[in-house]
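Notes follow the structure.
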Amino acid sequence: MPTVTPLSRPAQHWIPFNDERAECRLCPRHCRPKNDRMGFCGVRGTVKGEIRSFNYGQSLAATEEIIETEAVNHFSPGARILSMGNVGCMMACSFCQNWETSQIQHLDHKIVRHYTPEQLVEMCLENDIPIISWTYNDPVVWHEFVVKTSTLAQKNGIKTLYKSAFYIEEAPVNELLECIDIFSLSLKSLNAEFYQKHTKAKLQPVLERIKQIADSGAYLELSQLVIPELNDQDEDIEQTIDWVIENVGADVPLHFVAFHPAYQYTHVERTDITTLKRARKLALAKGMTHIYLGNAYEADLNNTACQSCGTVLVKRYGLHATLQNLDKHSCCTQCGTQSPIIEPMINKPLSIQKTPTTKQLQINWTDEVQSAHILQSKGNGGKDSLLIHSLNDEFTVVKELSKRLDRFIVSRRSDKETGIIISWDSDCEYQPLEVLDRAHYPVSFL
Ligand code: SF4
């Protein structure tokens, strides 16, 4: 039952409806909750005839990830991002990969934290994280907080990324265009019936908003979750490809993403890699130029190559990306051709004074789990240094956490790597949480 609390805020994008109700105009659902009732998303409701936001700054734990986690491959490959998710959603996909937080009726409020815009910007600055990403459940439903924080982030030199299913109205999108640098938008299908039945949303507004972003010239990548028995036939995939080519262009990066069984859609297996490869073949045959496969761990599957001479410019494995053969103007060093890569940046190397050895945590990769969130389950209120060492490969990386950032992603780096060992010396404790899908936020009740 919504009531005015110190954490609730007046919402934007609504109109009075009658004495008892207001109409929310943030997403095309146009809910008209009665006084003291919530709308469909469960986080915006009517109090005394006005729509208020009940999740302003109420968030999942901020998590350091890699930009490839967000189905973004051509903007600063390999960049560290601060991923921010919240609770509630304006859709209700039967196959939701983050249903424990998006479908609010299932939420355990013990996992919710509260951040201010200033705290998030400081967290990025003190951890040298160049991009803040609005992601997981869906950023549409905490619009006011996203706009305020993104505006502040940009003023402080931090880029902003918006990953969404984009069931949203035109006016709020105009506000996003003022404060978001990178859009990563997902289409579920080109079938209106599919949207209605499996997402409880309408297809047409999603298409119109994607077109709005494309027409604006803002940076855009697109993705489609490929779900066994729902949208994995050639006809389904070709419909998406045809619409993208006609409305956005053949050069937009398009990601076909593997699904893992979740929420109400658990009777099928994960999407097979051969299905994703078939989708890519169809897209390339129709003239698309940059097709990537998400949630797929295989050497050289997702590299970005020079369009002229074929030289590999970005080498990828899973979520990891390494720049190669690119000069500072994003041109191929072999033939000079301009690449599609925007703002190539190299993450600032972190140094560690001595090699930690006292405590260790080992994670073994399996076919099901090839990345994990590492959560600091007991902190020391200050900075901590960890060493991440690859099993069966030559890789070692140093990680530093500030007192406010206590969660980060680790991910398999090669076919050879069978697992990792994390070492540290402090009195902190760390817990691994399995990530089943790159968009998945594993919950912990610590
Ligand atoms: S944002 Fe929430 S309350 Fe507003 S129209 Fe959409 S589902 Fe309804």
**Segment Ala218-Asp425, extension gain: residue separation times 0.36 nm, minus the distance between their alpha carbons** = 70.0 nm
**Asked** For the residue pair Ala250 and His30, what label-to-label distance in nm results when each label sits 7 Å from Cα along the Cα-to-beta-carbon direction?
**Response** 3.9 nm
**Item:** Contour excess over end-to-end distance, with Cα ends at Gln360 and Asp415 and 0.36 nm allotted per residue
**Value:** 17.5 nm
**Message:** When 1/r is averaged over all different Cα pairs and the result inverted, which Kirkwood radius in Å belongs to region 156-266?
**Reply:** 14.8 Å
**Prompt:** Using 0.36 nm per residue, how much length does the chain from Arg113 to Lys155 gain when fully extended, once their Cα-Cα distance is taken away?
**Reply:** 12.7 nm
**Request:** Specify the inter-centroid distance of region 367-407 and region 229-258, based on alpha-carbon positions, in whole Å.
**Result:** 36 Å
**Request:** Give me the distance in nm between label points sitting 7 Å out from Cα along the Cα-to-Cβ direction at Lys328 and Thr266, one decimal.
**Result:** 5.4 nm
**region 219-337: translational diffusion in µm²/s, Stokes-Einstein, Kirkwood Rh over Cα pairs, 37 °C, 0.692 mPa s** = 213 µm²/s
**Geometric extent, Cα atoms of region 97-195 - Rg, Dmax (angstrom)** = 14.7, 47
**Asked** Cα-Cα pairs above 33 Å in the chain: how many percent?
**Response** 33 percent
**Fill in**
With every protein chain kept in place and a 1.4 Å probe, the residues Trp142, Trp99 fall, from largest accessible area down, as Trp99, Trp142
**Request:** Whenever you get a sec, line up Leu387, Leu313 from highest to lowest accessible area (probe 1.4 Å, protein heavy atoms).
**Result:** Leu387, Leu313
**Message:** Out of the GluC sites (Glu not before Pro) in region 191-279, which ones are loop residues according to DSSP with at most 14 other C-beta atoms within 10 Å?
**Reply:** Glu229, Glu269
**Asked** Any idea how far the Cα center of region 41-105 sits from the one of region 189-214, in Å?
**Response** 19 Å
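Write down, largest first, the equivalent ellipsoid semi-axes of region 139-188 in whole Å, where each equals the square root of 5 times an eigenvalue of the alpha-carbon gyration tensor.
Each semi-axis is the square root of five times an eigenvalue, giving 18, 12, 9 Å.
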**Request:** Determine the share of region 9-53's accessible area contributed by carbon and sulfur atoms, expressed in whole percent, with a 1.4 angstrom probe.
**Result:** 45 percent
**Request:** First measure r as the distance between the Cβ atoms of Gln233 and Thr311, then evaluate 1/(1 + (r/R0)^6) with R0 = 41 Å and state the FRET efficiency to the nearest 0.05.
**Result:** 0.70
**Dmax and Rg, reported as Rg then Dmax, of region 302-347 (C-alpha, Å)** = 9.8, 28
**Request:** Determine the equivalent ellipsoid of region 9-53 by diagonalising the alpha-carbon gyration tensor, then write out the semi-axes as square roots of 5 times the eigenvalues, largest first, rounded to whole Å.
**Result:** 13, 11, 10
**region 58-296, Cα convex hull volume normalised per residue, Å³** = 114 Å³
**Of Lys159/Lys200; Lys163/Lys200; Lys197/Lys315; Lys155/Lys359, pairs whose Cα-Cα distance is over 28 Å** = Lys159/Lys200; Lys197/Lys315; Lys155/Lys359
**Fill in**
Taking every C-alpha to C-alpha distance in region 359-435 and binning by 5 Å from 0, the per-bin percentages run 3, 16, 29, 25, 15, 8, 3, 0
**Prompt:** What order do you get for 280-288, 29-37 when each peptide is scored by the mean count of other beta carbon atoms within 10 Å, highest first?
**Reply:** 29-37, 280-288
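The values are calculated or read from the model by the stated rules, or taken from the named source; none is laboratory data. These numbers were taken from a predicted model, which means no experiment stands behind them. A quick note on method: Cβ atoms are made from the backbone with ideal geometry, for glycine too, and the neighbour counts reach across all protein chains shown. Note: areas computed on protein heavy atoms with side chains; ligands, DNA, RNA excluded. Shrake-Rupley method; radii C 1.70, N 1.55, O 1.52, S 1.80 Å.
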